[in-house]
Amino acid sequence: MSGADNVVWLGTPPFPEAARTALADTRLRANLRRATGTIRDRRLAVTAELDDWEELREKAAALKRRTLRHLDQHLLQLEESVTAAGGTVHWAADAAEANAVVTRLVRATGESEVVKVKSMATQEIGLNEALAEAGIRAYETDLAELIVQLGGDRPSHILVPAIHRGRSEIREIFRREMGKWGRPAPEGLSDDPRDLAEAARLHLREKFLRAKVAVSGANFAAADTGTVVVVESEGNGRMCLTLPQTLITVMGIEKVLPSFADLDVFLQLLPRSSTGERMNPYTSLWTGVTEGDGPQDFHLVLLDNGRTATLADEVGRQALACIRCSACLNVCPVYERTGGHAYGSVYPGPIGAVLTPQLVGIENAASLPFASTLCGACYDACPVKIDIPEVLVHLRAKAVEAKRRDRLLPTPEALVMKAAGAVLSSPRRLAALQRLAALGARLVARDGRIGVLPGPFARWSGTRDTPAPARESLRAWWRRTREEGRTTRKGKGR
């Protein structure tokens, strides 16, 4: 499978169509509103505690910009450091190559199952499916990922993949599916969060103790020491990173940092921006292998899969600075109403709307840059100051240009913009059109509102409450009131 096939879910309708379906799901909207609101409030509370929060954001943004400018150098240094510490580095140009590397490494151990720490990169490349085709079963150990896996579902949030599920739904999934994957759910399982967490803990415990191979993602990696970092909240990551004999980490090349000292900034920003905590309950760091302590065979797979192409775009490359905190999702009015599945991608929300089209090519995700109100809340929330609205506008222009290249005739947008340019360049034409529009609108308006307009305007007016144009344009009002003012002044002068 190609990178585009994995990052974008095949068969998923374009965002406008998928969003329309999601908007009709009242339970989904209630779950999203409650969850994102809770996380948003917690984040605001803990970020307000730091007097230097904005300074940390500025420093993180500068670090990411500098790292991306010299990414090749930092990656080569990371390879040297990991190798010197006893690890092995593999380079993967795309999803197919990364899946082949991981499959080969697991087969070499003779094992037929692996435990996994939540990883966006492995979701991006479709690793679970690739391993299954090779007869290897992958077990998700993060609670939310476990829910998604047992339910045959797809994640809908970067941080909380099962955010679209309610407690009663999770209980039914556990009752119905746990026994097919291992230890079944306890009899009489309730939907109390503590009971659900305990059921997951018992189900996963035997897998942790039995597993000989683990697959993880990485939040960061320090080039100067070769240290890899995973932060998580449940302890499942610590179990996967310490008990198995073999550890395979799949990491996007943009996750590298120049030095171990740089972690100081990001380990303050990430937990506050993601979970609304001062620090993550579990922050695991490892450097290569240590005899008698932890995995004795460590492999780091460095994944490109469209990142180098993204790096070439001077505006779009800033999306690679993302630290996967999901703060932009939790403040986005579009995401809160549609959820993650509507984006049709492993990466939902505002960051997905700018990252996915660049990883897979704008022609494969042309609707995503338009999945935004451009309100700017995502930019305000981003801990590394990615100007998502700027990238959205940049990609929208690319999407229109790509559509124009693929057509023999001009696109409707191009015709409308050309007509608008002709009208707006002439005050006389603009005034005539305003008079005509006001007259036509008064004929079709009801209670001061216009219904669904005909033709190509139906898609716009069918989802908006369009007021009728004013009877008098601003220009006409200005001329009239100015003339009246002159007459009044002349009258007073007499």
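Step through the table entries LYS255/LYS398; LYS180/LYS212; LYS64/LYS385; LYS59/LYS118; LYS118/LYS180; LYS64/LYS116, compare each Cα-Cα distance with 18 Å, and write down the pairs that go over it. Before the final figure, lay out the partial values.
Details: LYS255/LYS398 26 Å; LYS180/LYS212 21 Å; LYS64/LYS385 10 Å; LYS59/LYS118 27 Å; LYS118/LYS180 21 Å; LYS64/LYS116 28 Å.
Long pairs (Cα-Cα over 18 Å): LYS255/LYS398; LYS180/LYS212; LYS59/LYS118; LYS118/LYS180; LYS64/LYS116.
Going by amide H atoms built from the backbone, whose H comes under 5 Å of the H on SER367, apart from near neighbours?
Result for SER367 returns PHE15.
Given H placed 1.01 Å from N in the peptide plane, which residues other than close sequence neighbours of GLU113 have an amide H under 5 Å from its amide H?
ARG137
Net charge around ARG428, counting only other residues with Cβ within less than 15 Å of its Cβ (Lys, Arg = +1; Asp, Glu = -1)?
Net charge around ARG428: +4.
What is the range 199-295 by shape, rounded, prolate or oblate, if you read a ≥ b ≥ c off the alpha carbon gyration tensor as root eigenvalues and call it rounded for a/c under 1.5, prolate for a/b larger than b/c, and oblate otherwise?
Values: a/c = 2.29, a/b = 1.28, b/c = 1.79.
Oblate, since a/c reaches 1.5 and b/c is not below a/b.
Give or take rounding to whole Å, what are the principal axis extents of the alpha carbon atoms in the range 169-233, in descending order?
Sorted largest first, the three principal extents are 52, 25, 15 Å.
Under a Cβ-Cβ cut-off of 14 Å, what is the net charge of the residues other than LEU392 that fall near it, where Lys and Arg count +1 and Asp and Glu count -1?
-1
Report, in order of residue number, the helices in the chain meeting two criteria: a C-alpha extent of 30 Å or more along the helix axis, and a mean Kyte-Doolittle hydropathy of at least 0.0; treat each whole DSSP H run as one helix.
The answer is none, since no helix passes both cut-offs.
Over its Cα atoms, what ratio of radius of gyration to 2.2 N^0.38 Å does the chain give?
Taking N as the residue count of the chain, the ratio is 1.16.
Normalising by the residue count of the chain, find the relative contact order in percent from Cα pairs under 8 Å and 6+ residues apart.
19 percent.
Charges on Cβ only, +1 for Lys and Arg, -1 for Asp and Glu, centred on the Cα centroid of the chain; of GLY349, ALA422, SER119, which one is farthest towards the dipole's positive end?
The residue sitting farthest along the positive end of the dipole is ALA422.
Pop out the Kirkwood hydrodynamic radius of the range 112-262 from its pairwise C-alpha distances, inverse of mean 1/r, in Å to one decimal.
When all Cα pairs of the range 112-262 are included, the Kirkwood radius is 16.2 Å.
Take ALA432 and SER168, extend 7 Å from each Cα along the Cα→Cβ direction, and tell me the distance between the two endpoints in nm.
With each label placed 7 Å out from Cα toward Cβ, I get 6.3 nm.
Give me the percent of the accessible area of the chain that comes from carbon and sulfur atoms, probe 1.4 Å, all protein chains in place. Spell out each step's value before the answer.
Values: 13100 of 24120 Å².
On the chain, the fraction of accessible area on carbon and sulfur atoms equals 54 percent.
How large is the dipole of the range 3-307 about the Cα centre if only Lys and Arg carry +1 and Asp and Glu carry -1, each at its Cβ, rounded to the nearest 20 debye?
Taking the Cα centre of the range 3-307 as origin, the dipole is about 840 debye.
Gap in Å between the Cα centre of the range 140-155 and the Cα centre of the range 179-245?
12 Å
Shape of the range 1-104 from its Cα gyration tensor (a ≥ b ≥ c, root eigenvalues): rounded if a/c is under 1.5, otherwise prolate when a/b > b/c, or oblate? Mind dumping the intermediate values first?
Working: a/c = 2.61, a/b = 1.22, b/c = 2.14.
Verdict is oblate for the range 1-104.
Over the chain, with the other protein chains present, what is the accessible area per residue in square angstrom, probe 1.4 angstrom?
Numbers: 24120 Å² over 494 residues.
I get 49 Å² per residue for the chain.
What does the charge count near GLU97 come to, summing +1 for each Lys or Arg and -1 for each Asp or Glu among other residues with Cβ under 12 Å from its Cβ?
Spelling it out: positives minus negatives among the neighbours equals -1.
The values are calculated or read from the model by the stated rules, or taken from the named source; none is laboratory data. Given the structure is predicted, the values throughout are model-derived calculations rather than measurements. With ideal geometry, Cβ positions are generated from the backbone for all residues, glycine too; neighbour counts draw on all protein chains shown. The accessibility values were calculated without ligands, DNA or RNA, using every heavy atom of the protein model including side chains. Shrake-Rupley method; radii C 1.70, N 1.55, O 1.52, S 1.80 Å.
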